[in-house]
Amino acid sequence: QVQLVESGGGLVQAGGSLRLSCAASGNAFSINTMGWYRQAPGKQRELVAIISRGGSTNYADSVKGRFTISRDNAKKTVYLQMNSLKPEDTAVYYCNCNAFINSEAAFRGYWGQGTQVTVSS
């Protein structure tokens, strides 16, 4: 099994910045894709950004140019640098990874518990 622990959420004024981190832990696994999703009240969970093991990235149109996803494979950690934050970025942000579990010889998807990001106007 893989556990994902997020940190870095909080309250910030519009135009400000936050950096989210998500560290993966567990036994005998390797991580493929890592990503961030968010869910605002009354809305469906949506993709924010994803990054492959090799560093290829993909972003939602709404965050392009403002958010940057990165990862440290040695630390099994993914980051989301969020700049020029807007009130519409307010949501619970969830970390996600796709990991190969050695004991199962299979890929599995995992979610973090979520971290709240609130942007005030």
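Which of the following residues is in contact with an Asp or Glu (Cβ under 7 Å, 6 or more places away or on another chain) and farther than 13 Å from residue 18 by Cβ: 99, 49, 60, 74?
Only one candidate passes the filter, namely 60.
For residues that are at pLDDT 95 or above and either open to solvent by 30 Å² or more (accessible area, probe 1.4 Å) or not hydrophobic (A, V, I, L, M, F, W, C) (or both), scanning just region 19-32, find the one that is nearest to residue 104 (Cα to Cα).
23
So that you can scan it fast, the table gives a plain yes or no per residue for (1) on the phi > 0 side of the Ramachandran plot; (2) among the polar types (S, T, N, Q):
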residue	(1), (2)
59	no, no
65	yes, no
77	no, yes
100	no, no
113	no, yes
119	no, no
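Restricting to region 81-113, name every residue that is within 12 Å of the chain's Cα centre (by Cα), surrounded by 17 or more Cβ atoms within 10 Å (Cβ to Cβ) and more than 18 Å from residue 53 (Cα to Cα).
82, 92, 93, 94, 112
Are any residues in region 47-56 under 12 Å from the mean Cα position of the chain (by Cα) and over 22 Å from residue 5 (Cβ atoms), and if so, which ones?
none
Just to be sure, is residue 2 modelled with pLDDT under 95 and not basic (Lys, Arg)?
Answer is yes for this residue.
Could you say whether any residue in region 66-73 is modelled with pLDDT of 95 or more, open to solvent by less than 70 Å² (accessible area, probe 1.4 Å), in contact with a helix residue (DSSP H, G or I) (Cβ under 6 Å, 6 or more places away or on another chain) and farther than 13 Å from residue 6 by Cβ? Talk me through it step by step, then tell me what you get.
Taking region 66-73 first, the residues modelled with pLDDT of 95 or more are 66-72.
Still in the running and open to solvent by less than 70 Å² (accessible area, probe 1.4 Å): 66-67, 69-72.
Going one step further and asking which of them are in contact with a helix residue (DSSP H, G or I) (Cβ under 6 Å, 6 or more places away or on another chain), we end up with none.
Taking every residue of region 66-73 in turn, none turns out to be modelled with pLDDT of 95 or more, open to solvent by less than 70 Å² (accessible area, probe 1.4 Å), in contact with a helix residue (DSSP H, G or I) (Cβ under 6 Å, 6 or more places away or on another chain) and farther than 13 Å from residue 6 by Cβ.
Does any residue in region 56-80 that is in contact (Cβ under 8 Å) with a residue 60 or more places away in the chain and part of a strand (DSSP E or B) come within less than 9 Å, Cβ to Cβ, of a residue that is crowded, with 20+ Cβ neighbours inside 10 Å and among the basic types (Lys, Arg) six or more places away or on a different chain, and which pairs are these?
Sorted first by the residue in region 56-80, then by its partner, the pairs are 79/71.
Out of all the residues in region 43-55, which are open to solvent by 80 Å² or more (accessible area, probe 1.4 Å) and modelled with pLDDT of 95 or more?
Of everything in region 43-55, those that are open to solvent by 80 Å² or more (accessible area, probe 1.4 Å) and modelled with pLDDT of 95 or more turn out to be 43, 44, 45, 46.
Within region 83-120, track down each residue that is aliphatic (A, V, I, L, M), part of a loop (DSSP other than H, G, I, E, B) and farther than 25 Å from residue 1 by Cα.
Passing the criteria: only 85.
The values are calculated or read from the model by the stated rules, or taken from the named source; none is laboratory data. Worth saying up front: this structure is predicted, and the values here are computed from it rather than measured. All Cβ positions, even for glycine, are placed from backbone atoms using ideal geometry, and neighbour counts span all protein chains on display. All accessible areas refer to the heavy atoms of the entire protein, side chains included, with ligands and DNA or RNA removed. Shrake-Rupley method; radii C 1.70, N 1.55, O 1.52, S 1.80 Å.
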